[in-house]
Amino acid sequence: MSLTLESAEKMSSAAKAKAKEIGVAMNIAVIDEGANLKAFHRMDNAWLGSIDISIKKAKTARFFDMDSGEIGKLSQPGQPLYNIEHSNGGLITFPGGVVLKDESGTVIGAIGVSGGTVDQDHEVASAGAAALKS
């Protein structure tokens, strides 16, 4: 299954609803299996600097098929992926990028969110990803 525009918009809507619920303006990026931008939304008053971060969180998750926060754990000093954030034109290795999988477990893309704390970003990205399954 490929990620459709309808699915990307559904996830973005769910992420925006969660962001509104917690009171944080977010940038929300959805990418497909090839790491191409499928949908992007910048909520009113979301930080301009978070536009690039949201896209890079999604790409980081897709490039390595794991949530960006998991890459962050592996990229700390002394860990096996230390300094990986300098590869691929720059990665974001803290929470807010979530891998998207179809029913069979095949990776079909990722969602990246930025604009709040890393915990808020992950919460909003996870809410968007959960909409794929509903």
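Against the test of being in contact with a strand residue (DSSP E or B) (Cβ under 9 Å, 6 or more places away or on another chain) and surrounded by 13 or more Cβ atoms within 10 Å (Cβ to Cβ), the options LEU48, LEU100 yield a single qualifying residue, LEU100. Among the candidates VAL113, VAL124, the residue that is open to solvent by less than 50 Å² (accessible area, probe 1.4 Å) and touching an Asp or Glu at 6+ places or on another chain (Cβ under 6 Å) is uniquely VAL113.
For the range 46-67, what are the residues that are under 11 Å from the mean Cα position of the chain (by Cα), of a type in the set (A, V, I, L, M) and closer than 26 Å to GLY23 by Cβ? Selection gives ILE53, ILE55, ALA58, ALA61.
For the range 5-12, does any single residue satisfy the condition of being open to solvent by less than 20 Å² (accessible area, probe 1.4 Å), among the hydroxyl-bearing types (Ser, Thr, Tyr) and over 14 Å from ALA125 (Cα atoms)? Within the range 5-12, not a single residue is open to solvent by less than 20 Å² (accessible area, probe 1.4 Å), among the hydroxyl-bearing types (Ser, Thr, Tyr) and over 14 Å from ALA125 (Cα atoms).
Yes/no matrix, rows are residues, columns are (1) in a helix (DSSP H, G or I); (2) in contact with a His (Cβ under 8 Å, 6 or more places away or on another chain); (3) within 13 Å of GLY115 (Cα to Cα):
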{"position": "LYS10", "(1), (2), (3)": "yes, no, no"}
{"position": "ALA17", "(1), (2), (3)": "yes, no, no"}
{"position": "ALA35", "(1), (2), (3)": "no, no, no"}
{"position": "HIS41", "(1), (2), (3)": "no, no, yes"}
{"position": "TRP47", "(1), (2), (3)": "no, no, yes"}
{"position": "ILE53", "(1), (2), (3)": "yes, no, yes"}
{"position": "ALA61", "(1), (2), (3)": "yes, no, no"}
{"position": "GLY69", "(1), (2), (3)": "yes, yes, no"}
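In the set (1) closer than 17 Å to ALA35 by Cβ; (2) open to solvent by 10 Å² or more (accessible area, probe 1.4 Å), ILE108 fails one condition alone, (2). Of all residues in the range 103-134, those that are part of a loop (DSSP other than H, G, I, E, B), at pLDDT below 95 and either in contact with a strand residue (DSSP E or B) (Cβ under 6 Å, 6 or more places away or on another chain) or within 18 Å of SER12 (Cα to Cα) (or both) total 2.
Among residues belonging to the range 51-92 that are among the hydroxyl-bearing types (Ser, Thr, Tyr) and at pLDDT below 95, point out the one that is surrounded by the most Cβ atoms within 10 Å (Cβ to Cβ). Spell out the reasoning first.
Within the range 51-92, the subset among the hydroxyl-bearing types (Ser, Thr, Tyr) is 54, 60, 68, 75, 82, 87.
If we keep only those that are at pLDDT below 95 too, we end up with 75, 82, 87.
Details: SER75: 19, TYR82: 11, SER87: 11.
Per the stated criteria, the residue is SER75.
The values are calculated or read from the model by the stated rules, or taken from the named source; none is laboratory data. Computed from a predicted structure; not experimentally measured. All Cβ positions, glycine included, derive from the backbone under ideal geometry; neighbour counts span all protein chains shown. Note: areas computed on protein heavy atoms with side chains; ligands, DNA, RNA excluded. Shrake-Rupley method; radii C 1.70, N 1.55, O 1.52, S 1.80 Å.
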